[in-house]
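Novice: Okay, here's the structure, questions in a sec.
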Amino acid sequence: MAKSLGASLYVPANHKNLTAIANGDRLPHARSLIFCTEDSIADRELSWSLFNLSVVLANMRLDVAADRFVRVRNPEVLARVLAMPGAEKLTGFVLPKITRHNFDSYYKLVRHTEHVLMPTLETAEAFDDGEMQGLRAALEAPGVRHRILALRIGGNDLLALLGLRRPRGMTLYRTPLGPVISRLVTTFRPYGFMLTAPVFEYLDLPELLDQEVIEDLAHGMVGKTAIHPTQIAAIEQHFKVTPQDLAVARAILDASSPAVFRMDDAMQEVATHRAWAERTLEQSRLFGSRAELGHKPFLEGEPS
């Protein structure tokens, strides 16, 4: 069962404090870090960013709880990162703009490593059900399937393909991407592939971020990309499990429970709700539980 990732913080690979962030000296509450060499890095800054990343990998400690990934720019950058001393300390890689046509150019570089992969769905192919089914088949190939931690949805890139940007005042699910995300969920999740939700780029709309994360979770997303440290707690508060859900999940998994029973004023059906119950217990273990969920003020953080 794939674990919930919570908030994954993007940090540009040229960040001046990248070593401190990677080692948990800064932002120790971050559970998932993605060092970016793609969209957040200008072409003229790539060489310096890769040098900075090489220094970080060489000095990155192993006794850090956070998962640490590199979002590579292309297969050539992936090859360069894999050649850096310390690359084996990384949990894995985020692969950009993945389709069934280019996935193997990345996979062949990591097939003999222990790294896991998070391919990103952010090209025109994401709008084509046949292309997504073809990609799913490629990801189900022997030796590949167990390496796929999750699929990331690149919301801003997909909107850009439509000539749009997310408006202020509405969640992503009220834009043309809402049906697209639903189709990606039904294309991949029944086959065991988890998905993570796109970025929320407005830092001054915390209530709307709250609403979007609620909708992310309703669509089965196991994580959401954060673009600023202040978004981490705001996102992960929604991954905490209510005591009511925790009690119901335990009852569903109790071997002595009947096949169908009433609890919390709802029908609980062991056969159909078991997967939900197992995920709920795992989510509680990772994120804890909560009695009440209301918006909490952002914590202080530094721009990534």
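Novice: If each DSSP helix of 4+ residues adds -39,500 (n - 2.57) and the sum is divided by the residues in the chain, what number results at 222 nm, nearest 500 deg cm²/dmol?
Specialist: That comes out to -11000 deg cm²/dmol.
Novice: Which entries in Lys3/Lys97; Lys97/Lys224; Lys3/Lys240 show an alpha-carbon gap greater than 20 Å?
Specialist: Violating the 20 Å Cα-Cα cut-off are Lys3/Lys97.
Novice: Let me spell out the model: positive unit charges on the Cβ of Lys and Arg, negative unit charges on the Cβ of Asp and Glu, origin at the Cα centre of region 148-299. What dipole size does that give, in debye rounded to 20? Can you show the working numbers first?
Specialist: Numbers: 16 positive and 17 negative charges, 67 e Å.
Roughly 320 debye for region 148-299.
Novice: Between Ser257 and Lys108, 0.36 nm times their residue separation minus their Cα-Cα distance comes to what?
Specialist: Details: separation 149, 0.36 × 149 = 53.64 nm, distance 4.75 nm.
Taking Ser257 through Lys108 to full extension adds about 48.9 nm, to one decimal.
Novice: Please list, ordered by chain and number, the residues whose modelled amide H lies under 5 Å from the amide H of Val94; skip anything fewer than 5 residues away on the same chain.
Specialist: Excluding prolines and chain starts, which carry no amide H, the hits are Val70, Arg71, Val72, Met118.
Novice: Follow-up. So if a site counts as exposed when it's one of the trypsin sites (Lys or Arg not before Pro), its DSSP state isn't H, G, I, E or B, and it has at most 10 other Cβ atoms within 10 Å, what's the longest stretch of the chain without one?
Specialist: Longest gap between qualifying sites, sites excluded: 17-167.
Novice: Answer with a single label: of (i) 14.3; (ii) 16.7; (iii) 15.6, which was calculated as mean projected area of the Cα convex hull in nm² from the structure in view?
Specialist: (ii)
Novice: Something else now. Can you give me the distance in nm between label points at Ala20 and Asn74, each placed 7 Å from the Cα along the Cα-to-Cβ direction?
Specialist: 3.4
Novice: Treating the beta-carbon of each Lys and Arg as +1 and of each Asp and Glu as -1, no other charges, what is the dipole magnitude of the chain about its Cα centre, to the nearest 20 debye?
Specialist: Dipole about the Cα centre, nearest 20: 560 debye.
Novice: Tell me, what % of the accessible area of region 107-233 is carbon and sulfur with a 1.4 angstrom probe?
Specialist: 56
Novice: With everything on Cα atoms, drop me the angle between helix 46-59 and the longest principal axis of the chain, reported from 0 to 90° to the nearest 10.
Specialist: Taking the Cα atoms of the chain, the angle to 46-59 is about 70 degrees.
Novice: Hey, what's the chain come to in accessible area per residue, 1.4 Å probe, Å²?
Specialist: 45
Novice: Run the numbers for Glu278 and Asp43: contour at 0.36 nm per residue of separation, minus the present Cα-Cα distance, in nm.
Specialist: 80.1 nm
Novice: Okay, moving on. How would His29, His228, His273 rank on accessible area, largest to smallest, probe 1.4 Å?
Specialist: Accessible-area ranking of His29, His228, His273, largest first: His29, His273, His228.
Novice: All other residues with a Cβ under 14 Å from the Cβ of Phe51 taken together, and with Lys, Arg as +1 and Asp, Glu as -1, what is their net charge?
Specialist: Value of the local net charge: +2.
Novice: Moving to a separate point now. Which residue, chosen from Ala150, Pro198, Pro176, occupies the Cα position most advanced towards the positive end of the dipole of region 112-256, where the dipole is computed from +1 (Lys, Arg) and -1 (Asp, Glu) charges on Cβ about the Cα centre?
Specialist: Farthest towards the positive end: Ala150.
Novice: Determine the percent antiparallel among the DSSP beta bridges restricted to the chain, to the nearest 5.
Specialist: Roughly 15 percent of the DSSP beta bridges within the chain come out antiparallel.
Novice: Which one, Val185, Asn23, Leu159, projects farthest toward the positive side of the charge dipole computed for the chain from Cβ point charges (K/R +1, D/E -1)?
Specialist: Farthest along the dipole direction, towards plus: Asn23.
The values are calculated or read from the model by the stated rules, or taken from the named source; none is laboratory data. These numbers were taken from a predicted model, which means no experiment stands behind them. Neighbour counts run over all protein chains shown; Cβ positions are idealised from the backbone, glycine included. All accessible areas refer to the heavy atoms of the entire protein, side chains included, with ligands and DNA or RNA removed. Shrake-Rupley method; radii C 1.70, N 1.55, O 1.52, S 1.80 Å.
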